[in-house]
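Read-outs: derived from the displayed coordinates by stated rules, not from any lab. Computed from a predicted structure; not experimentally measured. As a convention, Cβ positions derive from the backbone with ideal geometry for all residues, glycine included, and neighbour counts pool all protein chains shown.
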Amino acid sequence: MDIKITKSPTSRIHEVNFDDLPFGRTFADHMFVCDYENGAWQNPRIEPFHNFSLHPATMALHYGQAIFEGMKASIDDNGTPMLFRPERHAKRLNISAARLCMPEFPEDLFVEGLSKLVALDQNWIPKEEGSALYIRPTMIATDEFIGVKPSQSYKFFIFTGPVGPYYPKPVRLWAETDYIRAAQGGTGFAKAAGNYAGALYPAKLAQDRGFDQLLWLDAKEFKYIQESGTMNVFFVINGVTITPPLSGTILDGVTRDSILEILRSEGKPVAEHPITIDEVVQAYKDGTLQEAFGAGTAAVVSHVAEIGYRDLLMTLPPVSERKIGNHVKAVIDGLRSGKVEDKWGWTVPVLAEELV
Ligand code: COI
């Protein structure tokens with residue numbers, strides 16, 4: 001399918017202070033849009049960034065058929081824009097789509113539209129380490145209808161914006177024992193908008209207590225660790241890096257997978273197995289809990305400073321001593337800037353020819 005490109009006559013880039021980029025508030029000049037009508041994706045196009053006009057009965061607003069991805073583009077030392085594992089994000093979007101009864105978006109069109117968009121707005125990619133062009137592919141149901149059934153029409157769009165770190169400092173997590181994020185058979189593995197909506201209230205309660213985010217436990221026993229509000233979680237206990245397995249209730253994080261691959265390729269001990277909050281508490285008491293960190297596209301690798309669980313506050317070792325977390329963060333940042341050799345083929349350069 002041909003992607004029609006309409007360039008913005010002017011750029012807003014001069015309005016942006018690249019030295020002060022709060023996360024998620026600044027948006028680049030263009031967006032990719034494609035519509036699903038009559039059983040097919042149609043009219044893929046890149047247009048100047050704009051608002052949509054939505055009918056009040058637009059189904060996504062009522063029944064939550066809305067999914068998204070979070071990706072980043074960076075720029076290497078030669079000035080070439082790079083995407084990170086775009087095919088994996090395209091596949092995950094379609095896994096979310098299937099669960100929410102939405103149509104698959106063609107993976108090749110996802111990568112082509114994204115590449116052309118990033119090529120066009122490449123001046124918006126910040127150069128400072130820790131900053132990036134955040135990319136938000138999104139799909140919403142657009143039928144104008146009141147009634148619970150899958151929509152027949154959808155809009156897929158990608159917009160971008162320069163961002164600094166999501167968590168500028170190590171985070172304090174509260175292990176949640178009253179509310180749940182996901183249960184077996186639910187939508188926990190999908191990047192569904194509703195998963196985030198349901199988390200807002202318990203996250204607010206934790207924030208009121210001085211924590212940054214939640215550490216979610218399983219829905220049945222409030223025992224097994226799932227993930228944090230915006231990222232997968234890892235613990236380093238007695239030299240082994242442990243993360244909960246993909247059980248259907250946690251997101252199959254691209255950063256999570258990359259960290260596991262990096263550590264395995266270096267022969268470091270890693271384990272994807274169920275881990276309970278009691279094991280973490282025990283390791284803390286034994287002095288074997290060396291690190292905890294979150295991993296996600298937005299968060300990259302975010303060290304956990306403290307974990308609150310019932311009446312216990314676990315303070316973890318200083319960040320300067322976090323060998324694994326600091327190492328995987330440096331490798332991922334280095335891959336993104338082109339300073340670390342990419343032996344996995346994860347970084348995909350966006351070439352100038354993308355625009356022809
Ligand atoms: C991401 O890591 O890209 C996400 O989508 C998480 C979001 C809550 C910022």
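One table, with the values for the structure above:
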| item | result |
| --- | --- |
| Average projected area [Cα convex hull, region 99-190], square nanometres | 9.8 |
| Beta bridges by DSSP in the chain, antiparallel share as percent, to the nearest 5 | 85 |
| Sparse-neighbourhood loop sites, GluC sites (Glu not before Pro) in region 207-272 - DSSP loop, at most 13 other Cβ within 10 angstrom | 221, 266 |
| Of the trypsin sites (Lys or Arg not before Pro) in region 286-345, those whose Cβ has at most 13 other Cβ within 10 Å and which sit in DSSP loop | 310, 339, 343 |
| Cβ charges +1 (Lys, Arg) and -1 (Asp, Glu), total dipole of the chain, debye | 380 |
| For the chain, calculated [θ]222 nm from helices alone, where every DSSP H run of n ≥ 4 adds -39500 (n - 2.57) | -7500 deg cm²/dmol |
| Principal axis dimensions, largest first and in whole angstrom, of region 171-337 by Cα | 38, 34, 26 |
| Top positive-direction residue, dipole computed over region 98-187 with Cβ charges, set 156, 177, 103 | 177 |
| Additional length obtainable on full extension of the chain from residue 327 to residue 50, 0.36 nm per residue less Cα span | 95.7 nm |
| nm² value of the averaged projected area, convex hull over the Cα atoms of the chain | 18.4 |
| At least 18 Å along the helix axis (C-alpha) and Kyte average at least -1.0, DSSP helices within the chain | 107-120, 193-208, 323-337 |
| Unit charges on C-beta of K, R, D, E only; dipole of region 4-165, Debye | 340 |
| Computed magnitude of the charge dipole of region 171-337 (debye, nearest 20; Cβ of K, R +1, Cβ of D, E -1) | 240 |
| Mean projected area (nm²) of the alpha-carbon convex hull when region 4-165 is viewed from all directions | 9.9 |
| Loop chymotrypsin sites (Phe, Trp or Tyr not before Pro), region 27-104, which have at most 13 other Cβ atoms in a 10 Å radius of their Cβ (DSSP) | 52 |
